[in-house]
Amino acid sequence: MRWLGGASPFVRGARLGGMSDDRSFSARAMTAGTWVIAGKLIARSIDFVTLLVLARLLDPADFGLVAMAMAVILIVEAVLQLPIIQALVRVPDLTPPMFDTAFTLGLLRGLSVALLLGVAAWPISVFYEEPRLVLLILALALAPVVRGMISPRMAIFMQRFDFRREVALDLVGKVSSLAVAATVAAATGSYWAIAAGTVTTPVVMVACSYVFAPQWPRLTLAEWPIFADIVGWNSISQAISALNWQMDKVLLGRFAEISVFGRFVVADNLASIPQQAVVFPLMRPLVAAFAPSDPRRLASAYYKATAGILLITAPTLVTIALLADPAVRIVLGDKWTEAAPILRWLALCNLLALPVAAMPPLVIALGRTKFLALRSFLEFCIGLPALVVGVIYFGVLGAIGARAAAGTAAIVAVVWMLNRLIGATSRGLLTECWRAFAALLPLGGFLLLAASFLAELPSDWLLIAGTVGAGFGGMIIYFAATLMLWGMCGRPEGAEAIAVRHLKSIFAPVASRHFP
């Protein structure tokens, strides 16, 4: 593979002014986002199948046990997470020493994770009064250790808005995980099936990354200044964010009965599918998209990005919430029915994260990652006291309430930060996004009626057909309402306009072939 050392075509175009046009910029971001979202949707579908298989073969207590280990592992991993690839994307002219430094940082990070988890395994098992956690944590620790070792040269393709290889990595890893987890679960019926699948994904992805982006690095920190700002502030932000993200699981694992905790974990996994399939994959394209933008246009770009995220993700979360009961009966089976109300409220809580989802890639692109640390700290100050009181006195419902309180605080904090960073305002954000929110009303009304009908159906193919039909029907109603509101407003330039142009560019060649 030819060494790609120069500035990416996109960055060069931005410097010359050829790519600074809003429509060109939006089109490239939309194309990249489409690739990543499509790949992530397929990957999350594979995860969904994996969860379905494991839920049928294992018990809620098995999921609860693994979640105890994973909560601590994810905190350690997040605290030591280094956005190395994102830091490289900001650099116009990448050189071999930069990749070598990135590889060295990834290696040091992996060794640090391994050391911390090795030391913490026994104390964690004592905290939860669960001796099986020692070996489980040591085995699961391999996943975060390996995950940070992905080839740094993958940054080249991100700069070029080429995410096909990243999509391929994800799909190969998920398919491998499904095969391993299903095989172990069928053979043993043990929680080790979840652990085996968890470790398989990063191992396969990292191995494949060096096929797509070969590198034979040397150990050096010569280019450390490139990473200093993003790593320094990111470490503080990740440390606090990790506690915000996983502390409810840490406390529930200690104070709730293990099967109840297992249902909460599985419901949380289901409720997070839309964000993991749509929002999280967009973070990397958005870093690349925000990086070359004219600062005067960043506010408009942020509004459009947020409206686009809402347009895709909000109706899915509402659908999951209002169809939680039949969805759990179909997907997980009758032994999981108590997870349905948990799924409903967690999905609604996740709506609060959407208006501020584009903030992390924005501050990374601007090199102002200290704002991430400030946001995480404010969430921590609000969420942790609410969580401790809520879990101790109200259990799962208390944990959900604390998550809602922290999410509300994050919205207020981020709106203030956006005004400081790029001059964005709450009024501007509402002007761009209100249509996506307003269209949720007819969607919600339709799904409430559908849910009352589905509650009377037995758990058979009729229930499956009715639930799928209600979901598709609700989506049609939502997007029809969105387009109607957009038309009534004079078809302003925004997320809807970008989506319509993108769809036209996809279907126009097909139409011209069949209807010349």
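Kindly evaluate A314 against the criterion of being hydrophobic (A, V, I, L, M, F, W, C), under 17 Å from L448 (Cα atoms) and part of a helix (DSSP H, G or I).
On the way: hydrophobic (A, V, I, L, M, F, W, C): yes; under 17 Å from L448 (Cα atoms): yes; part of a helix (DSSP H, G or I): yes.
Answer is yes for this residue.
Is it the case that some residue within segment 216-225 is surrounded by fewer than 18 Cβ atoms within 10 Å (Cβ to Cβ), at pLDDT below 85 and among the β-branched types (V, I, T)?
Yes, some residue in segment 216-225 is surrounded by fewer than 18 Cβ atoms within 10 Å (Cβ to Cβ), at pLDDT below 85 and among the β-branched types (V, I, T).
Out of everything in segment 338-367 that is more than 20 Å from Q276 (Cβ to Cβ) and at pLDDT 90 or above, what residue ends up being surrounded by the fewest Cβ atoms within 10 Å (Cβ to Cβ)?
Among those that are more than 20 Å from Q276 (Cβ to Cβ) and at pLDDT 90 or above, it is E338.
Suppose we filter P281, P326 for residues that are at pLDDT 75 or above and buried (at least 21 other Cβ atoms within 10 Å of the Cβ); which single one remains?
Details: P281 fails: at pLDDT 75 or above.
Only one candidate passes the filter, namely P326.
If you check A424, A413, A451, A439, which single one turns out to be of a type in the set (A, V, I, L, M), surrounded by 13 or more Cβ atoms within 10 Å (Cβ to Cβ) and in contact with a Ser or Thr (Cβ under 8 Å, 6 or more places away or on another chain)?
Values: A424 fails: in contact with a Ser or Thr (Cβ under 8 Å, 6 or more places away or on another chain); A413 fails: in contact with a Ser or Thr (Cβ under 8 Å, 6 or more places away or on another chain); A451 fails: in contact with a Ser or Thr (Cβ under 8 Å, 6 or more places away or on another chain).
Going through A424, A413, A451, A439 in turn, the sole match is A439.
So that you can scan it fast, the table gives a plain yes or no per residue for (1) without any contact (Cβ under 8 Å) to a residue 60 or more places away in the chain; (2) in contact with a helix residue (DSSP H, G or I) (Cβ under 8 Å, 6 or more places away or on another chain); (3) closer than 21 Å to M283 by Cβ; (4) of a type in the set (D, E, K, R):
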| position | (1), (2), (3), (4) |
| --- | --- |
| P355 | no, yes, yes, no |
| L362 | no, yes, yes, no |
| L366 | no, yes, yes, no |
| V389 | yes, yes, no, no |
| V396 | no, yes, no, no |
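I'd like the full set of residues that are small (G, A, S) and at pLDDT 85 or above, limited to segment 112-167. Even if it seems obvious, please write down each step before you answer.
Start the filter on segment 112-167 by keeping residues that are small (G, A, S), which leaves 112, 114, 118, 120-121, 125, 139, 141, 143, 148, 151, 155.
Passing the criteria: S112, A114, G118, A120, A121, S125, A139, A141, A143, S151.
Of the residues L108, L169, which is free of Cβ contacts under 8 Å to residues at least 60 places away in the same chain, crowded, with 22+ Cβ neighbours inside 10 Å and farther than 30 Å from E257 by Cβ?
Numbers: L108 fails: crowded, with 22+ Cβ neighbours inside 10 Å.
On inspection, the qualifying residue turns out to be L169.
Just checking, does segment 390-403 include any residue being of a type in the set (A, V, I, L, M), closer than 22 Å to P355 by Cβ and not in a helix (DSSP H, G or I)?
No, every residue in segment 390-403 fails to be of a type in the set (A, V, I, L, M), closer than 22 Å to P355 by Cβ and not in a helix (DSSP H, G or I).
Out of A299, A307, A288, which single residue is outside any loop (DSSP other than H, G, I, E, B), over 16 Å from the mean Cα position of the chain (by Cα) and modelled with pLDDT under 75?
Result: A288 is the single residue among A299, A307, A288 that is outside any loop (DSSP other than H, G, I, E, B), over 16 Å from the mean Cα position of the chain (by Cα) and modelled with pLDDT under 75.
The values are calculated or read from the model by the stated rules, or taken from the named source; none is laboratory data. Predicted model, so just to flag it, every value in this text is computed and none were measured. Note that we place each Cβ from the backbone using ideal geometry, even for glycine, and neighbour counts take in every protein chain shown.
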